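Below is one structure, written out as structure tokens, with a few remarks after it.
The values are calculated or read from the model by the stated rules, or taken from the named source; none is laboratory data. For clarity, every value in this text was computed on a predicted model and none was experimentally measured. Cβ atoms come from the backbone with ideal geometry, glycine included; neighbour counts cover every protein chain shown.
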There are 2 protein chains.
Amino acid sequence: MTVTVLRLGHRPQRDKRLSTHVLLAARAFGADGAIYGGTEDPRLEERVGKIVEDWGGGFTVQYTDSWRGTVKAWQGDVVHLTMYGLPVREAIKEIRVSPEPKLVVVGGPKVPREIYDLAKWNVSVTTQPHSEVSALAVFLHMLFGGEELEKSFGGARLIIKPRGRGKEVEALSKD
Amino acid sequence: MTVTVLRLGHRPQRDKRLSTHVLLAARAFGADGAIYGGTEDPRLEERVGKIVEDWGGGFTVQYTDSWRGTVKAWQGDVVHLTMYGLPVREAIKEIRVSPEPKLVVVGGPKVPREIYDLAKWNVSVTTQPHSEVSALAVFLHMLFGGEELEKSFGGARLIIKPRGRGKEVEALSKD
């Protein structure tokens with residue numbers, strides 16, 4: 001199942017670090033790519049691109065000047081993460097059995113009302129206020145059933161060797 | 001099992017939103033409270049305090065001027081989340097069976113080397129770069145086995161009624 005994350009309403013100055021964390025969490029927890037709306041931000045794309053270059057895999061980042069257009073044209077299932085939605089433990093059962101490509105929509109601070117109707121599923125990861133980063137990560141973790149935790153990323157220049165103490169990183173030549 | 005999160009190296013200006021997200025994720029995913037190091041920041045404490053007031057539960061936030069002292073004095077298990085640690089799927093088995101109070105340490109950008117030796121477990125939630133927010137949330141989700149997703153928070157003024165479309169919030173009087 002392919003998964004793309006749609007990050008709404010990015011503001012380059014204010015959301016710089018949070019949007020980076022959203023996109024890196026998307027990549028680390030098994031999404032294939034991300035699309036972001038709001039204001040175009042080449043530096044956000046560069047930051048994530050640099051991580052992909054070092055740590056591997058084929059994660060892509062694209063800008064859309066119309067999140068609505070992206071959602072409406074999506075060939076597959078649209079899942080919107082919102083604290084107001086259906087409990088993830090229920091919803092995930094249906095979502096997991098649908099083989100369609102998934103577009104997982106996560107908000108910025110102001111989410112347009114319309115997305116609630118455009119989504120096939122509105123899903124809440126707890127009904128408490130927390131973070132789009134944590135909501136997305138736990139959702140993807142439940143979607144992939146934990147397999148994503150040991151995903152390997154092809155073409156990595158850096159690979160961590162897990163250790164009980166200290167740090168061990170293997171640096172590989174890409175040539 | 002009680003869980004306290006220790007957030008290292010907070011910088012009020014730069015980390016304002018990320019630290020808030022770390023603390024809110026800690027609360028939403030079932031931790032009892034948090035301690036933060038770095039620079040003291042009454043506004044961070046106020047932001048989280050306001051959420052607790054509205055959304056309930058007994059989550060507390062405290063500042064420490066010595067993370068080292070906090071870790072060394074901890075009566076229980078210290079778990080450090082780091083991309084260099086042992087895979088969470090393995091480590092969580094041992095961590096879950098230990099009934100001791102847990103101190104879950106999450107870094108800022110520069111984590112002091114010493115923490116690797118002070119922790120009982122260094123645990124990696126994927127070996128990829130992402131976010132302390134996502135690492136913490138997925139770790140707590142695995143620690144509590146998903147039960148935290150439906151945790152109820154006593155004394156809430158606002159309670160969300162999960163819905164497939166739109167938003168429904170019940171506002172309760174606290175008197």
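Of note:
- None of B:Val133, B:Val138, B:Val111, B:Val97 is among the hydrophobic types (A, V, I, L, M, F, W, C) and away from every other protein chain (no Cβ under 12 Å) except B:Val97.
- Qualifying residue in segment B:151-164 (condition: part of a loop (DSSP other than H, G, I, E, B), hydrophobic (A, V, I, L, M, F, W, C) and either touching a residue at least 60 places away in the same chain (Cβ under 8 Å) or at the interface with chain A (Cβ under 9 Å from one of its Cβ atoms) (or both)): yes
- Restricting A:Arg43, A:Arg27 to residues that are without any contact (Cβ under 8 Å) to a residue 40 or more places away in the chain, among the basic types (Lys, Arg) and buried (at least 19 other Cβ atoms within 10 Å of the Cβ) narrows the list to A:Arg27.
- Filtered residue count, segment B:165-175, keeping only those that are in a loop (DSSP other than H, G, I, E, B) and either under 30 Å from B:Val97 (Cβ atoms) or of a type outside the set (D, E, K, R) (or both): 3
- As a summary of the residue check, B:Ser131 satisfies the conditions (1) over 18 Å from B:His21 (Cα atoms); (2) modelled with pLDDT of 95 or more; (3) in contact with a helix residue (DSSP H, G or I) (Cβ under 8 Å, 6 or more places away or on another chain) except for the one numbered (1).
- Unmet requirement for B:Val123, which otherwise passes all of (1) touching a Ser or Thr at 6+ places or on another chain (Cβ under 9 Å); (2) outside any strand (DSSP E or B); (3) within 12 Å of another protein chain (Cβ to nearest Cβ): (2)
- Residues of segment A:128-146 that are touching a residue at least 12 places away in the same chain (Cβ under 8 Å) and part of a helix (DSSP H, G or I): A:Glu132, A:Val133, A:Ala135, A:Leu136, A:Ala137, A:Val138, A:Phe139, A:Leu140, A:His141, A:Met142, A:Leu143, A:Phe144.
- Any chance A:Gly145 is among the small types (Gly, Ala, Ser), at the interface with chain B (Cβ under 8 Å from one of its Cβ atoms) and out of contact with any Ser or Thr (no Cβ under 8 Å at 6 or more places or on another chain): no
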